[in-house]
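Asks: Starting off with a structure, shown below.
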Amino acid sequence: MQVAGQFRGWLEVRIMTCENAQQNIILAQYGELADELQFPLEQHVSGCEECRREWKALLALNEELALTPMLEPSPNLLAASRMRLDEALDMMPARSMTQRFFGNAFRWMGYMQGAPALTTLLVGVGFLGGNFIARYQAANAPKLPTPVILSNSSNGSIASVSGIVQTPNSELVQVKYNRLVPETVQGSLDDPQIRQLLMLGTKLATTSDVHADSVALLANECAAGHDCGAASDGSSGATGIRTALLASLRYDKSPSVRLKALQGLQPYVAQDDHVRDAVLESLMHDTSADVRGQAVSMLQPVQADSSVRQVLRTVSTQDANPAIRDASFNVLQGTSDIQ
């Protein structure tokens, strides 16, 4: 059964259906999604329009809820709630066998109060027995080394505390903890390990500069014609670097990062439908005029595509920026000349 559970977990990571994606989107919004499911979810959302709409809807809902103030209950409501609680307690059914057992135990303790001599004897025996056990444990406890204060922080920050042992009847405490040790690797941009770290940098960077540098380096690799290809099984879905750039184009808050990701995806507009759809989506909805202008110029090689022409017609008449409207119209004119 354990092997089957592990196989199902592995299968969910490799092949994420829309049903699983809907559940994982909710977990991701609250920060509860497992790390191994983050990347498959981004892959699925980048290629599924329905799940992408669900993702954006939840983002909009969270933003709306964040703007709504939290109201405290009124004193009248609290008083009424307490009264209803008291009434409900009065209407509770008869006690169970366990409750009767503890009730009888407390009554027995009441009877003990009527026999002070017996009570005193039992308390004395308990006190002597507890004192003897404590002394025995202290005498046979293992000797802990003298605590040492570690002042050298070069070994990395403390990540977690894994164990605490205190010597009975003393102030000696042994604490086990784990450190985060920074590491550095150096290599070519074509090295798989370097590429993997750069892709992690687009999601797990500690600063915005590191995040922007990761996207820029990956985009330059793709723009220079290096291997940022599709899946090894020959399917049309992009993987690896291309998927990381698609995620940055769609979800990054920085216009400069989105623009850099768009430039890195330019070589794949004609051959990858996922990239083309992302470019069209940016042209329609991106808030940055620079990103929308770059998207228009990237669509020239595929201007004869019907979906591209439809988006260009809409942008040429509805975009708020006159330069982008003119650029979209000029691309459409080139389409008419070709036809």
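Asks: Which number in (1) in a loop (DSSP other than H, G, I, E, B); (2) of a type outside the set (Val, Ile, Thr); (3) free of Cβ contacts under 8 Å to residues at least 24 places away in the same chain; (4) within 18 Å of residue 270 (Cβ to Cβ) marks the one condition that residue 320 misses?
Replies: Unmet for residue 320, out of (1) in a loop (DSSP other than H, G, I, E, B); (2) of a type outside the set (Val, Ile, Thr); (3) free of Cβ contacts under 8 Å to residues at least 24 places away in the same chain; (4) within 18 Å of residue 270 (Cβ to Cβ): (4).
Asks: Does residue 57 satisfy the condition of being open to solvent by less than 90 Å² (accessible area, probe 1.4 Å), under 30 Å from residue 20 (Cβ atoms), out of contact with any Pro (no Cβ under 6 Å at 6 or more places or on another chain) and modelled with pLDDT of 80 or more?
Replies: When the stated conditions are applied, residue 57 passes them.
Asks: Can you list residue pairs whose Cβ atoms sit under 6 Å apart, with the first residue in segment 157-178 being part of a loop (DSSP other than H, G, I, E, B) and the second being polar (S, T, N, Q) and modelled with pLDDT under 75? Count only pairs 6 or more apart in sequence or on different chains.
Replies: Cβ pairs passing all conditions: 168/137.
Asks: Could I ask something else about it? Determine the pairs where a residue that is assigned to a loop (DSSP other than H, G, I, E, B), located within segment 202-231, has a partner that is at pLDDT 80 or above and among the aliphatic types (A, V, I, L, M) with Cβ atoms under 7 Å apart, the partner being 6 or more residues away or on another chain.
Replies: Close Cβ pairs (under 7 Å, with a partner that is at pLDDT 80 or above and among the aliphatic types (A, V, I, L, M)) amount to 228/241.
Asks: Right, next: So how many residues does segment 18-38 have that are under 23 Å from residue 201 (Cα atoms), without any contact (Cβ under 8 Å) to a residue 40 or more places away in the chain and open to solvent by 50 Å² or more (accessible area, probe 1.4 Å)?
Replies: 6
Asks: Further question: Among (1) touching a helix residue (DSSP H, G or I) at 6+ places or on another chain (Cβ under 7 Å); (2) modelled with pLDDT under 85, where does residue 48 come up short?
Replies: (2)
Asks: Just for segment 179-208: of the residues that are touching a His at 6+ places or on another chain (Cβ under 7 Å) and closer than 17 Å to residue 228 by Cβ, which one is surrounded by the fewest Cβ atoms within 10 Å (Cβ to Cβ)?
Replies: The extreme case among them is 190.
Asks: For segment 60-89, name all the residues that are among the hydroxyl-bearing types (Ser, Thr, Tyr) and either open to solvent by less than 50 Å² (accessible area, probe 1.4 Å) or under 26 Å from residue 244 (Cβ atoms) (or both).
Replies: 81
The values are calculated or read from the model by the stated rules, or taken from the named source; none is laboratory data. Computed from a prediction, not measured in an experiment: that's the story for all the values here. Cβ: placed from backbone, ideal geometry, glycine included. Neighbour counts: every protein chain shown. All accessible areas refer to the heavy atoms of the entire protein, side chains included, with ligands and DNA or RNA removed. Shrake-Rupley method; radii C 1.70, N 1.55, O 1.52, S 1.80 Å.
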